[in-house]
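Take a look at the structure set out below.
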Amino acid sequence: MSKTISEARIIEDPEELDEEELEGEADPESAPVETPEGADWNTVERAFLTRRSIRKFKRKQVPAHLIHRMLEVARFAPSQGNCQPYKFAVIRDPKLLVEMEEYCVDQCKQLTAAVNYTTYKKGSFGYYKARVMARLFNAIDPNMLHPVPVTAMTSIAHGKFMVFHRAPTVILILMDKHGIGVPEVDIGIVGTNIVMAAESHRLGTCWIGFSKLLNKSKEWRERLGITDRFEVSEAIAVGYPVGKPWQNLIERPTHEIAWFEDGEKQILG
């Protein structure tokens with residue numbers, strides 16, 4: 001297993017540092033970097049800008065020591081009160097991954113039949129029943145029936161889209177339902193650490209929200225060792241990507257920004 005960062009010197013209290021260290025003179029590499037306007041993206045920035053979600057992986061398994069490195073980086077993700085309301089389950093067994101895929105596909109088929117009324121003839125009983133179910137599900141979970149997840153769910157149900165994308169490794173992020181603050185935010189941060197650590201090794205990753213379907217099964221919760229306090233929040237597929245996905249250009253919308261400075265407000269974007 002990789003050497004942990006905790007084995008190195010970590011300064012928790014700035015008072016432990018002498019004046020030279022605080023000013024960065026003892027270690028020039030720790031001095032602030034002066035970045036002029038219009039400068040090229042640095043290595044860290046470029047990694048974030050070129051990262052892509054991967055849905056096609058090579059069959060080659062990722063070495064276990066690289067997964068350990070990713071989880072070590074994850075361990076140092078910030079969380080509210082440093083409470084780390086999560087733990088991980090790493091799935092690398094091919095048979096288990098196939099069974100997880102089959103279960104999630106079956107759940108998508110059932111959900112599609114129940115709520116996707118567009119698959120039924122308008123005016124039919126199936127159409128009416130599905131619309132009622134869709135309204136019920138939407139009242140319970142407004143995010144679930146957004147066109148994006150519904151389209152993906154329908155594609156999965158019809159065999160046009162894979163849940164885990166045949167990735168050789170899947171990391172389940174289990175959220176502590178009793179975690180302080182907003183555990184979902186901490187899940188997003190720790191997952192980003194995993195994804196970017198993988199990116200540094202040119203490994204491909206993809207967030208998998210449909211992994212939550214595993215929570216519906218008592219059998220799967222037992223098989224994966226998920227206690228009542230925890231639930232699957234997200235999964236991250238990890239593997240060697242096919243091709244060079246970082247070369248693909250992805251359009252991103254520009255969001256409006258309210259900028260407050262010197263007593264004035266500007267709208268940027």
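The values are calculated or read from the model by the stated rules, or taken from the named source; none is laboratory data. Only a predicted model underlies this, so the values are computations on that prediction, with no experimental measurement involved. Methodologically, a virtual Cβ is constructed for each residue, glycine included, from the backbone with ideal geometry; neighbour enumeration extends over all protein chains shown.
Values computed for the structure shown
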item: Pairs with Cβ under 6 Å, 6+ apart, first in region 58-73 and touching a residue at least 60 places away in the same chain (Cβ under 8 Å), second of a type in the set (Lys, Arg) and outside any helix (DSSP H, G or I); result: none
item: Answer residue from region 195-236, given it is within 30 Å of ASN248 (Cβ to Cβ) and among the acidic types (Asp, Glu) and is surrounded by the fewest Cβ atoms within 10 Å (Cβ to Cβ) among those; result: GLU199
item: Given (1) more than 13 Å from SER233 (Cα to Cα); (2) part of a helix (DSSP H, G or I), index of the condition GLY181 fails; result: (2)
item: Residue tally, condition exposed (fewer than 14 other Cβ atoms within 10 Å of the Cβ) and in contact with a Ser or Thr (Cβ under 9 Å, 6 or more places away or on another chain), over region 102-131; result: 2
item: Residues being within 17 Å of VAL185 (Cβ to Cβ) and not in a helix (DSSP H, G or I) - total across region 63-97; result: 9
item: Selected residue (criterion: modelled with the lowest pLDDT) from residues of region 145-178 that are outside any helix (DSSP H, G or I) and over 26 Å from GLY225 (Cα atoms); result: LEU145
item: Residue check, LYS160 under 18 Å from the mean Cα position of the chain (by Cα), closer than 29 Å to ARG202 by Cβ and among the basic types (Lys, Arg); result: no
item: Restricting region 84-101 to residues that are over 20 Å from HIS165 (Cβ atoms) and in contact with a helix residue (DSSP H, G or I) (Cβ under 8 Å, 6 or more places away or on another chain), the residue that is surrounded by the fewest Cβ atoms within 10 Å (Cβ to Cβ); result: GLN84
item: From the options ARG59, ARG46, ARG69, residue that is exposed (fewer than 15 other Cβ atoms within 10 Å of the Cβ), over 15 Å from the mean Cα position of the chain (by Cα) and within 16 Å of GLU199 (Cα to Cα); result: ARG46
item: Given (1) in contact with a strand residue (DSSP E or B) (Cβ under 7 Å, 6 or more places away or on another chain); (2) touching a residue at least 40 places away in the same chain (Cβ under 8 Å), index of the condition TRP259 fails; result: (2)
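Every residue, every condition in (1) in contact with an Asp or Glu (Cβ under 8 Å, 6 or more places away or on another chain); (2) acidic (Asp, Glu); (3) under 15 Å from TRP207 (Cα atoms), yes or no:
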{"site": "ALA47", "(1), (2), (3)": "yes, no, no"}
{"site": "LYS56", "(1), (2), (3)": "no, no, yes"}
{"site": "VAL62", "(1), (2), (3)": "no, no, no"}
{"site": "ARG69", "(1), (2), (3)": "no, no, no"}
{"site": "ALA77", "(1), (2), (3)": "yes, no, no"}
{"site": "GLY81", "(1), (2), (3)": "no, no, no"}
{"site": "VAL90", "(1), (2), (3)": "no, no, yes"}
{"site": "ASP93", "(1), (2), (3)": "no, yes, no"}
